[in-house]
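Bear in mind that the values in this text are calculations on the coordinates, not laboratory data. This structure is a prediction, so every number in the text was calculated from the model and none was measured. Neighbour counts run over all protein chains shown; Cβ positions are idealised from the backbone, glycine included.
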Amino acid sequence: MNTSKLQAFATDARRQLMNAVQARLDAALVPNSDAQVDDPRAFDFLQHEIERAGGGEEGRRHVVERYAYRWFNRIIAFRYMDVHGFTGTPVVSPAGLTSMNGLPEVLAAAKRGEYDDSTVFSLRGNDKAKERIEGLLSGSIMADDPQGRAYGLLLQSECRFWNRNLPFMFESVVHESGRVDELLMPADLLAEGSVLRNAVEAMTPEDCGVDDPSGNVEIIGWLYQYYISERKNEVMDGFKKNHKAGADEIPAATQLFTPDWIVRYLVQNTVGRLWMQSHPDSQLYKNWDYYIQPSEDGSTENEDILNIQTPEELTVCDPACGSGHMLTYAFDLLYEIYEEEGYASSDIPRLILKHNLYGMEIDERAASLAAFALTMKARSRSRRFFKKQVEPNIQRIAPISFEEGDVADLNDLYQVDLDFTVWNTYAKADVYGSLIQPPQELVELAASSPESEDGIDTLFDPLLREHAEDVFTQTRYLARKYAAVVANPPYMGAKNMSGELKQFVQDHYEDGKADLMTAFMLRAICFIRRCGFWGMINLPSWLSLSSFEKLRNILLRQQYIASFLDLGRGIFGTDFGSVAFIVQGTLSKGRKGIYRRLYKGTILSEIRSVHAIEKLFLDKKFNVYKIDQEAFNSIPGLPIAYWIPEEQLSLFENAKMLSYFAKPKQGLATADNNRFLRNWYEIDHANFCVSATSMQTALSSGCKWFPTQKGGNFRRWYGNHEFVVNWFNNGFEICNFTNASGKLKSRPQNLDCLFIPGITW
């Protein structure tokens, strides 16, 4: 797959589509515009959306960003379906699928008088569009660009038709936002260099996986990452200026596309391991290149497992699913399991989407792509899948809020007495996402409420009922327990969080509050069924930093780390290192975990390619450590120090700590060694004192230079007495050393320890 070509296409498409949507928005906002006259309902919704997003320039920018992306999603969705033959008549592609100059086949067919009357144009409303298309193409309806306008109507008609099978990608015009999609549809899609024509060039049939029975939906994830890359750069630049991340910034700031082999490691060792535990005679694991066989060292005979009898019980959740990469591979692995169990191949895709896969996401655009990718997986395995009308369980965790009067009506409608705060659990859902843990009374109401409107009092506002149903749906996703959880969670330190997000994480995830990724680790523990498995990839900071000691305490004393990969640098480009790991939701004493250090030496400074790191993993003998995590409990601070040999680990249990004998202290730091240090042979020895035993005797000596230790090369018996320091007047110059702005540069510490006997290193 040519990712550089995809990147160029996606970043250029964002600029083009935003400019095109901006032009349509500007035209719509002109007083008495055609948009206001032709569809006042859509126009009113558009104005309200601008106001809800902050109004003025900020609100318009938000609307342009949102609808440009919605059209990007539609165009790449049609291109993917065109090359796989799912659309029948190609919608954005020429008949040969690859010609850069050919018209989209749906337009070429219309010019020949050929229409999908039994499908697309059998829909109510599309028949009128057909009449107008025919008029434009015949010349009976005059227009500046009749062919372009005809194609716009064809494209809108296709979107309306595909709403039946892909409502998450092609919103119904019954909803106002679906009507705004049409109002802001980009013009000039047929022009040379347009997004549509560039999609044909960039998304080749080979890259879309036409030769693979299950397709290649990975291309969707790459396009998502590349489309938002410029926005990500804007947000990251803002962090350098002390801007904080709110609802608009979080998706771009935290999105990272996970390499395929890491996804396979996470899924095979959670979903796959659960199946193998309950079905030890299965031979499927032999095809799983990234599956780690459980360690036999020190294992207990009666291993505590989650008993999975049927494939339907293997529920898998990705609480920050992005474009769905984890779930689409989970689909493939689950398909193997169903197939091995003898299920009919035509039924398996429907069963997987209905029973097994669950994703949550705060970014509307990513959630749509995830649902699309899973649907394409299902359709590639079953030609009749679209007739089964099964939608993927992908839930956008969206903000929903109610006024005081609404709360009173809701309590009357559902005959409950929930307070304002409970009904507004999701008021900030676009900031908190799946970190929200719904209150128990809301969970109980959602469980008892019917999932359709049957039996609901119709006297109440339909929109209010619709919002309440959305609350219940989100609650069901967030309250459920899953057999497996897999995720590449958002990474964001507390310093970059908005005030409300920082406070929320501190209130609900105290032991992981320093970063969103560690808050998601604690959330995974809540999501998982007892003895289920959860797997993640994130940053290594939580392994040893003191700010995560309480988190490590929870992991080591309540969970079982089954396997762990220390990946070093390079998985996400010029990153600072990453780790991937599998954890079981119960403590299993006596079982050893398997740890791998996938870099040479002990320092992870070298940046390697994803393939190079994968190659080290596939070398089953490279840097393998087997250790009982209980050993970490004996180390102060509970670091996950998996590389320490057992004989050294035993020292922490049996030997006295250094603190029993001495208290380590920071030595002298000058902040400018070139200024304050000299070699002993560079100074006037008449001004050199070697006999001071305290700060007082040093001061009374009147000398400028005193011995200081900085270590050095190996010396067997004696040496490294090389440096002297300017400590005249008890270090007055060092203690008052400032930068150009007058801020102190040095801060000498532990002055009471100077000039007394000790050990330095």
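Shown here for the range 364-453: GluC sites (Glu not before Pro) in loop regions (DSSP other than H, G, I, E, B) with at most 13 other Cβ atoms within 10 Å, namely Glu403, Glu451, Glu453.
Listed peptides 673-686, 158-171 appear in the order 158-171, 673-686 once ranked by packing, highest mean of other Cβ atoms within 10 Å at the front.
Scanning the chain for cysteines with no neighbouring cysteine C-beta under 4.7 angstrom from their C-beta gives Cys159, Cys208, Cys317, Cys321, Cys526, Cys531, Cys735, Cys753. Normalising the average separation of contacting C-alpha pairs (under 8 angstrom, six or more residues apart) by the number of residues puts the relative contact order of the chain at 9 percent. The angle between the Cα long axis of helix 462-479 and the longest principal axis of the Cα atoms of the chain comes to about 40 degrees, rounded to the nearest 10. For Lys710, the aspartates and glutamates whose Cα falls under 13 Å of its own Cα, not counting residues fewer than eight places away in the same chain, are Glu722.
With a ≥ b ≥ c taken as the square roots of the eigenvalues of the C-alpha gyration tensor of the range 3-211, please select rounded if a/c is under 1.5 and otherwise prolate if a/b is larger than b/c or oblate if it is not?
Since a/c reaches 1.5 but b/c is at least a/b, the shape of the range 3-211 is classed as oblate.
Looking at the chain alone, DSSP beta bridges between its own residues are antiparallel in about 55 percent of cases. Its Cα gyration tensor gives the range 673-753 an equivalent ellipsoid; the semi-axes, largest first and in whole Å, are 23, 17, 13. Spatial offset of the range 210-279 relative to the range 599-654 amounts to 26 Å, using the alpha carbon center of each.
Each eigenvalue of the Cα gyration tensor of the chain, multiplied by 5 and square-rooted, gives one semi-axis; in descending order these are 56, 33, 27 Å.
Sequence-distant contacts, meaning Cα pairs under 8 Å at least 6 residues apart, place the relative contact order of the range 673-753 at 27 percent. Of the chymotrypsin sites (Phe, Trp or Tyr not before Pro) found in the range 526-629, those in coil by DSSP whose Cβ has at most 13 other Cβ atoms within 10 Å are Phe576.
Highest mean first, the peptides 213-220, 284-291, 419-426, 270-277 sorted by other C-beta atoms within 10 Å per residue fall in the order 270-277, 213-220, 419-426, 284-291. Axis of helix 126-138 versus longest Cα principal axis of the chain: the two differ by about 80°, to the nearest ten degrees. Against the chain, whose longest principal axis comes from its Cα atoms, helix 549-558 is set at around 70 degrees. Highest mean first, the peptides 651-659, 432-440, 234-242 sorted by other C-beta atoms within 10 Å per residue fall in the order 432-440, 234-242, 651-659.
For the range 152-273, what does the alpha-carbon gyration tensor say about shape, rounded, prolate or oblate, given a ≥ b ≥ c as the root eigenvalues, a/c under 1.5 as rounded, and a/b over b/c as prolate?
It comes out oblate by the Cα gyration axes.
Give the shape of the range 567-701 as rounded, prolate or oblate, defined through the alpha-carbon gyration tensor: a ≥ b ≥ c are the square roots of its eigenvalues, a/c under 1.5 means rounded, and otherwise the shape is prolate if a/b is larger than b/c and oblate if not. Oblate is the answer for the range 567-701, as a/c is 1.5 or above yet b/c matches or exceeds a/b. Among the trypsin sites (Lys or Arg not before Pro) within the range 556-612, those in coil by DSSP and having at most 13 neighbouring Cβ atoms inside 10 Å are Lys589, Lys600. Each residue of the range 404-479 gets 88 Å³ once the volume of the Cα convex hull is shared out per residue.
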